[in-house]
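Nothing in this text is a laboratory measurement; each read-out follows from the coordinates by a stated rule. Predicted, not measured: the structure shown is a model, and the values here were computed from it. Neighbour counts run over all protein chains shown; Cβ positions are idealised from the backbone, glycine included.
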Amino acid sequence: MSSSPTTPGTNQSWGGRFNEPTDAFVARFTASVNFDQRLAFHDIQGSVAHATMLARVGVLTDEERDTIIAGLDEIHGEIERGEFAWSVALEDVHMNIEARLTEKIGITGKKLHTGRSRNDQVATDIRLFMRDEIDLVAAELSRLRAGLIELADREADTIMPGFTHLQTAQPVTFGHHLLAWHEMLARDHERLLDCRRRVNVLPLGAAALAGTTYPIDRHVTAELLGFERPAENSLDAVSDRDFAIEFTSFASILLLHLSRMSEELVLWTSAQFDFIDLPDRFCTGSSIMPQKKNPDVPELVRGKTGRVYGHLMGLLTLMKSQPLAYNKDNQEDKEPLFDAVDTVKDCLKAFADMVPAIEAKADSMREAARRGFSTATDLADYLVRRGVAFRDAHEIVGLSVAFGLREKKDLSEMSLEELQQFSSVIDADVFDVLTLEGSVAARNHIGGTAPDQVRAAAQRARDALAALAGQPA
Ligand code: ARG
């Protein structure tokens with residue numbers, strides 16, 4: 001690196017030990033203020049609690065505390081109104097705010113950093129930030145789940161083909177398919193809330209790495225900030241970023257699920273499937289093909305999954321092999337984490353808005369289920385009930401399907417005589433199981449696709465969601 005001129009006003013926080021100012025490029029290269037200013041309000045929140053605790057234990061006087069808190073309040077306002085002058089020379093959000101505080105209130109501002117380091121400060125800020133973001137993500141996830149449950153309930157009787165290998169397999173109800181999506185999201189929700197428990201721990205008091213010689217009370221700070229408890233070990237407190245990896249891992253699995261839903265929505269809106277319609281407001285047109293209505297929203301959600309996986313790999317690799325305790329590497333945790341948070345919130349919002357507006361094309365779904373010999377298993381089960389061994393029943397139905405393919409007839413469209421060519425145990429009552437309605441209604445156990453089961457499952461899902469939100473079910 002060629003040496004660039006030094007910047008006047010380069011950070012002087014550590015000036016005492018240094019013989020020359022920081023290289024101007026190095027100042028820019030090592031600065032994080034352009035992205036970590038997003039933590040400003042949480043930084044102030046942490047500082048208010050820290051000052052309050054310091055006064056409580058007698059390290060600051062009550063007047064000093066009040067002066068500091070009033071100064072931080074003003075800075076909060078300046079940032080909110082966009083008046084705060086961020087300086088790259090001051091490196092990061094923490095030193096920008098502290099320098100401004102000292103500018104405003106003088107020498108007392110310099111006392112705020114007593115018994116604290118940026119190492120425990122930044123770890124605290126990210127945890128406060130993540131806790132708020134997790135609550136927003138959880139609210140959006142609840143909204144999506146609620147919309148999905150209501151749609152599933154509405155579509156409990158709607159019949160569609162169920163697929164394996166993307167080939168028609170057995171008829172299912174559309175509501176049942178939607179509740180399968182809901183199960184994925186319910187697991188994501190559990191993972192998110194589990195992650196929140198480990199986010200909600202206070203690093204402050206660890207100072208640089210070993211703790212501090214001041215008589216601090218970390219339980220007071222933890223309580224003031226709503227943390228469950230102080231982190232157990234000071235070295236771990238300043239270096240742990242597991243919670244960032246856990247959130248991004250939650251986000252990756254959630255996006256994986258949204259990408260699977262997206263893929264199905266994209267397929268279903270095609271002329272080839274024609275199972276659903278998405279309202280125009282969630283779609284865009286083509287500049288060249290006038291007939292086009294493209295499902296851009298699900299496509300884009302599917303696409304955004306990749307960047308969140310990338311952030312997970314980035315964070316895992318960032319933390320790999322880091323020796324204890326804090327290393328500057330950790331500054332690289334923020335951008336991937338912020339982008340993961342933003343991406344997840346946007347994708348959840350898109351889905352929560354869109355899902356209740358999905359219009360099922362019941363006739364078209366039903367026709368697709370009718371075309372694909374989807375009741376073949378029901379015919380085999382019928383034969384088994386009449387004493388035929390399952391393997392033989394499988395063979396008999398296979399021959400019937402081959403006949404149907406030649407004659408272009410579904411099983412339910414064949415005459416009794418035609419069916420009896422393949423097995424003499426077949427009677428007129430066979431047509432009860434060959435209808436689509438008969439097929440789905442027969443799968444009438446917990447977890448099955450019968451309309452009554454779907455309605456019961458929707459009610460259980462509603463209750464579980466309400467319990468999570470702490471509301472009466
Ligand atoms: N900007 C830094 C970060 O994001 C804050 C902590 C810096 N600590 C230090 N010892 N340089 O990680």
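At-a-glance table
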item: Straight-distance crosslink candidates among lysines, where the alpha carbon sits under 24 Å from K345 and sequence neighbours closer than 8 are dropped; result: K304, K334
item: Amide H partners (placed H, <5 Å) of G162, local residues excluded; result: A169, Q170, V172
item: For the range 54-164: rounded, prolate or oblate by the Cα gyration tensor [a/c cutoff 1.5]; result: prolate
item: The chain - percent relative contact order, Cα under 8 Å, separation 6 or more; result: 16 percent
item: Lysines with Cα under 27 Å of K409, excluding same-chain neighbours fewer than 8 positions away; result: K361
item: Fewest-first ranking of M365, M130, M95, using other Cβ atoms within 10 Å as the exposure measure; result: M95, M130, M365
item: Summed side-chain charge close to L258 - residues other than L258 whose Cβ falls under 15 Å, Lys, Arg +1, Asp, Glu -1; result: 0
item: Mean separation of Cα contacts under 8 Å, 6 or more apart, over the residue count of the range 216-299: relative contact order %; result: 18 percent
item: Longest segment of the chain lacking GluC sites (Glu not before Pro) that sit in a DSSP loop with at most 11 other Cβ atoms within 10 Å; result: 233-473
